[in-house]
1. Does V107 satisfy the condition of being assigned to a strand (DSSP E or B), over 18 Å from N208 (Cβ atoms) and under 24 Å from the mean Cα position of the chain (by Cα)?
2. Just name the residue that is surrounded by the most Cβ atoms within 10 Å (Cβ to Cβ) out of those in the stretch 137-161 that are closer than 24 Å to L306 by Cβ and polar (S, T, N, Q).
3. Could you list all residues from the stretch 190-234 that are among the basic types (K, R) and either farther than 17 Å from A288 by Cα or without any contact (Cβ under 8 Å) to a residue 60 or more places away in the chain (or both)?
4. Kindly establish whether Y204 is buried (at least 20 other Cβ atoms within 10 Å of the Cβ), on the phi > 0 side of the Ramachandran plot and either modelled with pLDDT under 95 or of a type outside the set (S, T, N, Q) (or both).
5. Can you tell me which residue among G365, G316, G291, G312 is touching a Pro at 6+ places or on another chain (Cβ under 7 Å) and more than 17 Å from C413 (Cα to Cα)?
6. Please go through the stretch 478-524 and give me each residue that is of a type in the set (D, E, K, R) and outside any loop (DSSP other than H, G, I, E, B), ordered by number.
7. Among (1) over 23 Å from N184 (Cα atoms); (2) crowded, with 21+ Cβ neighbours inside 10 Å, there is one condition M246 misses while meeting the rest; what is its number?
8. In the stretch 392-402, is there at least one residue being in a helix (DSSP H, G or I) and in contact with a strand residue (DSSP E or B) (Cβ under 6 Å, 6 or more places away or on another chain)?
Amino acid sequence: MFAWLKRLDQHFPVRYSAWLFCAVALMLSTFSWVAFGTGGWLALLFLFLTLLGARDTQQAHHSILRNYPVMGHLRFMLEFIRPEIRQYFFESDRETVPFSRQQRSLVYQRAKGQPDKRPFGTQLDVAAIGYEWINHSLQPTTIATHDFRVTIGEGRAQPYSASVFNISAMSFGALSANAILALNEGARRGGFAHDTGEGSISRYHRENGGDLIWEIGSGYFGCRHADGRFSEERFTENARLEQVKMIELKLSQGAKPGHGGVLPGPKVTPEIAEARGVAVGVDCVSPASHGAFSTPVEMMHFIERLRELSGGKPTGFKLCIGHPWEWFAIAKAMLETGIVPDFIVVDGAEGGTGAAPLEFTDHVGAPLQEGLLLVHNTLVGLNLRSRVKLGCAGKVVSAFDIARMMALGADWCNAARGFMFALGCIQAQHCHTGHCPTGVATQDPQRQKALVVPAKSERVYNFHQQTLHALKELVQAAGLKHPGEISASHIVRRNSEHGVKLLANLLPYVEPGALLTGEMPHQVFRTYWPMAQAGSFGVLRT
C-alpha cells in the first residue's frame, strides 16, 4: 500500500514536487487564461492544489503531508477507500509484516484518541492452532486506576516506581531530535520511563525532563575515555542526574545479538558526538562485546560498581538469550559473588532496529517467549526471583501482548516500534537510509520538521494511557486486581485441531530453589547447567 511512497526520489526538493508542479501549472494556466481566454478551469484547479499544498506544509497533525504536500493525500485517500475494496486490490489486515495493518491501526487510533472498537467480530481464526485467549471470571473486579506500577530496586537508596509499560531503547542518532523530544515529553506527562538506547543521554533527552533509563552499551557512550574505555568520572556525572532513574547495562539486543555496530563518520554530527563523547566526523564503533569485564564474576562486580557510582539507583542488564550456558554462568556468578542485579530486561529476537544483517534479523537469538521463560525459571530455581524484577521487549503493542508477557513471568514490558507508530511511523522501512518519510528515524533537518513535537508527544501520551486502560479492562475481566497477578494459568492456547491447554500446562515449571538442591527439572538445565562456570563465559571442560 505504501509502495508509491517508498519509490519517491530521496532528495529533498523532490519531496515537494507535486506542490511545485501545481504552482508552475497555476502560473502557466493563468497566463493562458489571460492571454488566450482558455485554461480558466485549470487555473482554478491548480490554485486550489497550490493552496492545499501551502496548508499541508503548515499543519502539525500529519507528518506525511508536511513532507509530501498534495501528493501525500493519496495515502489518506487509499486509507479511506481500502476497507471496502481491500479484498480485491490490497493485502488483508493481518498480512503486512513485521506489523500488520490491524496492529498499526490499533496504535494510531489510541494515539489519536479515536475509538478503537472493532465491529462484526474477530478477524482471527479462533480454530487455528496457536490461537490464544485470556480466561475471564464470572466475578469481575473493579480497579480504581489503570496506572499500574512495579517497584524496582526495593531496598536500594533510590528505588524506582515504574509503569508496567515503558519506551524501549532507541538512541538519538537512530531517531531524530524531534522524535526524542516527543517521546520524552509523552513519558513525562504519563509518568513512564524512556530508555535512552546505547547512544547515551542527549540534550533532547534532558530538555523535557521525562524519566530516563540510561542504557550503557559496549561503546560506553556518555561514559568513556577518548580511547573507548569506561570512565567512572563521566559515568558518575550523568548517572547522578535526577532525571536518570535506572542504569541498564546492555549485553545484547534482540535485533542483532552478538553483532557490533558502526556509525559512519559522516553521520557523526556535533550533536551526536556531544551525547556520545566521541569525535565529530569519525567512525563511532560499538564493539560486539564489553571491555570493562570479561567474565560473569567481573560483570557482577561491574554492575555493583555502577550502582555505587550512581548513588544507589536500580541497576541491571539487558540481553537476548543465546548460548544457555552463558546465561547460566551469569546466574552462577550471582550466587558466587552475592551480587544480584535489581532487574533484567529480556529482549526477544523479534525485536527491531534501524539496520541489521538479514541473517541476524531472521535467525539469531532466542524469541522472547523462550528467552523470558528461561530467565524466569532460572531465577525461580535459585530462589532469586523475588529479588530481581524482569522486564521484556519484543513486538509488544497491545494490552493482550502485555498480559501474555506477564503470564510468562515479566514484571513490566517495553515497546519501541509501538511508540514509533504513535509518533507517526508508517512502517516504510527506510530507517537505515536516513530518508524516513515521517521524520521519526532520520537526521535530515528538513524531513524531521514533519514531526511536530507538541502534537506527537500528545499521541505518545495517549497511546500509553489507552493501552493501560485496555489492560485494566482485561485484568478486571479476569477477576484480578493487578496485571502482576496474571499467570500462565490465565492464558489458554489451542495446541491441536481439537485440543486446548492452559499456557501453564504447555510451559516448563521449576520448583522454587530446585537448582540449589541439584534438581535439573528440564533438559535445558540438565544439558547446559553443568557446562556453565561463574569464572568464564566459555564452556566448562571436564
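1. Details: assigned to a strand (DSSP E or B): no; over 18 Å from N208 (Cβ atoms): yes; under 24 Å from the mean Cα position of the chain (by Cα): yes.
So V107 fails the test.
2. Among them, the one singled out is Q158.
3. Filtering the stretch 190-234 for residues among the basic types (K, R) gives 203, 206, 224, 229, 234.
Once the filter is applied, which keeps residues that are among the basic types (K, R) and either farther than 17 Å from A288 by Cα or without any contact (Cβ under 8 Å) to a residue 60 or more places away in the chain (or both), the stretch 190-234 yields R203, R206, R224, R234.
4. On the way: buried (at least 20 other Cβ atoms within 10 Å of the Cβ): yes; on the phi > 0 side of the Ramachandran plot: no; either modelled with pLDDT under 95 or of a type outside the set (S, T, N, Q) (or both): yes.
Considered against the rule, which asks whether it is buried (at least 20 other Cβ atoms within 10 Å of the Cβ), on the phi > 0 side of the Ramachandran plot and either modelled with pLDDT under 95 or of a type outside the set (S, T, N, Q) (or both), Y204 comes out as no.
5. Values: G316 fails: more than 17 Å from C413 (Cα to Cα); G291 fails: touching a Pro at 6+ places or on another chain (Cβ under 7 Å); G312 fails: touching a Pro at 6+ places or on another chain (Cβ under 7 Å).
Result of the check over G365, G316, G291, G312: G365.
6. Of the residues in the stretch 478-524, the ones of a type in the set (D, E, K, R) are 481, 485, 493-494, 497, 501, 511, 519.
Those that are of a type in the set (D, E, K, R) and outside any loop (DSSP other than H, G, I, E, B): E485, R493, R494, K501.
7. Checking M246 against (1) over 23 Å from N184 (Cα atoms); (2) crowded, with 21+ Cβ neighbours inside 10 Å, the one that fails is (1).
8. Applying the first criterion (in a helix (DSSP H, G or I)) to the stretch 392-402 yields 399-402.
With in contact with a strand residue (DSSP E or B) (Cβ under 6 Å, 6 or more places away or on another chain) added as a condition, the list becomes 402.
Among the residues of the stretch 392-402, at least one is in a helix (DSSP H, G or I) and in contact with a strand residue (DSSP E or B) (Cβ under 6 Å, 6 or more places away or on another chain), which makes the answer yes.
The values are calculated or read from the model by the stated rules, or taken from the named source; none is laboratory data. If you're wondering where the values come from, they're calculated on a predicted model, not measured in any experiment. Positions of Cβ are generated from backbone atoms using ideal geometry, with glycine treated the same way; all protein chains shown enter the neighbour counts.
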